[in-house]
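Everything on this sheet refers to the single structure shown next.
The values are calculated or read from the model by the stated rules, or taken from the named source; none is laboratory data. Owing to the predicted nature of the structure, the values given are computational and were not obtained by experimental measurement. So basically every Cβ, Gly included, is an ideal-geometry build from the backbone, and we count neighbours across all protein chains shown. Heads up: the accessible areas ignore ligands, DNA and RNA and are worked out on the full protein's heavy atoms, side chains in. Shrake-Rupley method; radii C 1.70, N 1.55, O 1.52, S 1.80 Å.
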Amino acid sequence: MTTEPLRAVPVLMPDAGPPLDYYLVLPRPDDHSPATTVEGIVVEEFTRHHDFATTGLDSAGWTPEAGWWSSAALSRGMRTDPEVLARVLPTSRREAEDVHRALGGGQLPDESLLRTHFLDHQPIATAPPLRLGPAQPPAGFHERRVYRVLFAKDLRAEQVASLRTAWRTPAGGTVASAASGRLDEHGDQFTWDLRRVGHSLAWCLDVTALLRTDATATLGSTLSELTNVLRQHGLIPVTTERFA
């Protein structure tokens, strides 16, 4: 398997950069609005434990009539309500700025100001890491960590093919994994597999980190970049759990 550095992946996410996540909200199907119409904007940010597991989610929505407002129910609905889920599209800050301006909101506030609208925090329950896989890391590594990032929404076949190309997934792959990749960085090894989960439109990304160094920053950025790549392909992140 090719050990292509993750920094080559952003070709799929040219607008990556700001830490907040942006979404466009489309009208309800029965609104008789043009397909290109956007009803509003949602901005989100996950809070995380020091080991990068998710502890909560903040969000704020904006519509031309109501301005900015905060609701934990909104972020829950984006992940659990099929009707809401079908109307939400992940986007970049650049596109959110264009939509905000086009809908009469003027310049989109900077991210420090947007965070002041996060008034209804949604806690996400956490637990000590479950043990998934061997307790001890392989020889030469001091720690083995396993993470699972859960996503709502679905991927089209061409989106999966795009991820397989970007991640250099070997031809054929495995039955359980739709796409996979690997990164070797300063002696640390990261591997990941994208899989469908459950009986609904949901996906998960399982990431295994074998650490030789104190790679806290690299581990955090790897999880973030992989999550952002999948968000730019249309998935909505739900939570990041640690299994080892």
Carbon plus sulfur, as percent of the 1.4 Å-probe accessible area of segment 162-244, comes to 52 percent
Taking every C-alpha to C-alpha distance in segment 49-185 and binning by 5 Å from 0, the per-bin percentages run 2, 7, 11, 14, 16, 15, 14, 10, 7, 3, 1, 0, 0
Across the alpha-carbon set of segment 50-129, Rg over Rh with Rh taken as the Kirkwood radius works out to 1.01
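Over all directions, how big on average is the projection of the convex hull of the alpha-carbon atoms in segment 99-243, in square nanometres? It would help to have the intermediate numbers written out before the result.
Values: hull surface 48.7 nm².
So the mean shadow area of the Cα hull is 12.2 nm².
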Under 5 Å from the placed amide H of Ala179, counting only residues 5+ away or on other chains, we find Leu194
Ignoring ligands and nucleic acids, Thr126 exposes an accessible area, probe 1.4 Å, in Å² to the nearest 10, of 90 Å²
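Work out, step by step, the length gained on full extension between Arg212 and Thr55: first 0.36 nm times the residue separation, then minus their alpha carbon distance; give nm to one decimal.
Details: separation 157, 0.36 × 157 = 56.52 nm, distance 2.69 nm.
My answer for the length gained is 53.8 nm.
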Excluding ligands, DNA and RNA, the carbon-plus-sulfur percentage of the accessible area of segment 52-124 with a 1.4 Å probe reads 54 percent
For Thr47 and Gln107, extending 7 Å from Cα along the Cα-Cβ vector and measuring point to point gives, in nm, a value of 3.0 nm
accessible surface per residue for segment 97-244, probe 1.4 Å, DNA/RNA/ligands not counted, whole Å² -> 50 Å²
Of the convex hull drawn through the C-alpha atoms of segment 19-94, the volume per residue in Å³ is 105 Å³
Answer in debye to the nearest 20: the dipole magnitude of segment 150-244 about its Cα centre, from +1 Lys/Arg and -1 Asp/Glu charges placed on Cβ, is 300 debye
Per 10 angstrom bin, beginning at 0 and ending with the bin that holds the maximum distance, the Cα pairs of segment 186-238 fall in percents of 22, 47, 24, 7
Under the Karplus relation with 6.51, -1.76 and 1.60 and θ = phi - 60°, whole-Hz ³J(HN,Hα) for segment 88-97, x at Gly and Pro, equal 10, 10, x, 8, 9, 4, 4, 6, 4, 4
